[in-house]
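S.K.: A single structure is presented below for examination.
Taken together, the values in this text are just the output of simple stated rules run on the coordinates, not laboratory data. Keep in mind that what you see is a predicted model, and the values were worked out from it rather than measured. All Cβ positions, glycine included, derive from the backbone under ideal geometry; neighbour counts span all protein chains shown.
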Amino acid sequence: MINIDQIKFNSEGLVPVITQDAVTGEVLMQAYMNREALEISLGEMRMCYYSRSRKCLWRKGGTSGHFQSITGAYADCDFDSILFRVLQTGAACHTGRHSCFFNELAEDTFHNYKILFDIAETVRERKREPKENSYTNYLFYKGTDKICKKIGEEAAEVIIAAKNKDKTELANELADLFYHIIVLAENENLDLNDIFSVLFGREGKPADAKYKGKV
């Protein structure tokens with residue numbers, strides 16, 4: 001464990017910080033801290049930045065409610081930048097996006113479960129800015145009952161595909177189920193990070209447990 005005195009602030013008394021989603025590993029934003037902001041962040045375990053434009057402390061989520069709860073903090077090898085891992089509530093970016101880094105310069109060809117968050121971002125955009133003839137907006141318009149009915153239908157189709165031992169069909173039906181679950185989560189203002197936090201919390205539980213919350 002290093003001491004805060006080891007951090008090398010620049011001539012302006014600032015240190016650049018990178019904020020990363022602790023659940024997905026996605027980089028959320030880059031900003032700066034002065035010593036006071038760093039002390040507050042580590043003391044409260046919530047991100048507090050220093051605004052270079054306003055020249056004052058900036059507690060993330062103070063007005064938006066989009067707090068960043070710290071799960072870990074790491075200085076780099078030269079002690080002149082810091083990586084924070086956080087649990088993000090809502091959007092990290094002022095545009096309403098989950099991450100500030102959405103202006104693509106090169107296509108990301110590596111696909112993993114982050115695709116779920118990409119879909120969730122698109123669903124959130126549809127909710128924020130409805131699009132004509134959008135199936136997602138149709139579901140939002142119909143509301144919780146319709147979305148839950150679709151989840152029931154998709155779950156039944158997953159069961160049928162599994163019983164038919166058709167892997168291609170099963171993959172497609174599971175993808176449909178995931179999509180409708182994401183729509184339901186957004187409709188009920190539930191962030192995917194909330195779900196993943198629960199799943200990560202179940203790691204290491206007995207495999208033969210017979211009650212909910214154990215795997």
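S.K.: Being outside any loop (DSSP other than H, G, I, E, B) and polar (S, T, N, Q) is the filter; apply it to segment 126-143 and report the residue that is surrounded by the most Cβ atoms within 10 Å (Cβ to Cβ).
M.R.: Step by step, filter segment 126-143, then rank; the result is 136.
S.K.: Considering only segment 20-54, how many residues are among the hydrophobic types (A, V, I, L, M, F, W, C), buried (at least 17 other Cβ atoms within 10 Å of the Cβ) and out of contact with any Cys (no Cβ under 7 Å at 6 or more places or on another chain)?
M.R.: Matching residues across segment 20-54 total 7.
S.K.: Regarding residue 54, is this residue assigned to a loop (DSSP other than H, G, I, E, B), basic (Lys, Arg) and more than 18 Å from residue 21 (Cα to Cα)?
M.R.: Here the answer is yes, as residue 54 does meet what is asked.
S.K.: Are any residues in segment 80-102 farther than 17 Å from residue 41 by Cα and not charged (D, E, K, R), and if so, which ones?
M.R.: The answer is 90, 91, 93, 94, 95, 96, 98, 99, 100, 101, 102.
S.K.: Related question: Please verify whether segment 187-194 includes one or more residues that are in a loop (DSSP other than H, G, I, E, B) and closer than 19 Å to residue 25 by Cα.
M.R.: So far as segment 187-194 goes, yes, one or more of its residues are in a loop (DSSP other than H, G, I, E, B) and closer than 19 Å to residue 25 by Cα.
S.K.: Further question: Specify the residue that is surrounded by the most Cβ atoms within 10 Å (Cβ to Cβ); the eligible residues are those in segment 147-156 that are of a type in the set (A, V, I, L, M) and over 26 Å from residue 129 (Cβ atoms).
M.R.: 155
S.K.: What are the residues in segment 162-186 that are polar (S, T, N, Q) and in a helix (DSSP H, G or I), if any?
M.R.: 168, 172
Yes/no per residue for (1) part of a helix (DSSP H, G or I); (2) acidic (Asp, Glu); (3) surrounded by 11 or more Cβ atoms within 10 Å (Cβ to Cβ); (4) touching a Gly at 6+ places or on another chain (Cβ under 9 Å):
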position: 85; (1), (2), (3), (4): no, no, yes, yes
position: 104; (1), (2), (3), (4): no, yes, no, no
position: 108; (1), (2), (3), (4): no, yes, no, no
position: 124; (1), (2), (3), (4): yes, no, yes, yes
position: 145; (1), (2), (3), (4): yes, yes, no, no
position: 160; (1), (2), (3), (4): yes, no, yes, no
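S.K.: Also, quick follow-up: Determine whether residue 57 is surrounded by 13 or more Cβ atoms within 10 Å (Cβ to Cβ) and over 20 Å from residue 101 (Cα atoms).
M.R.: So residue 57 passes the test.
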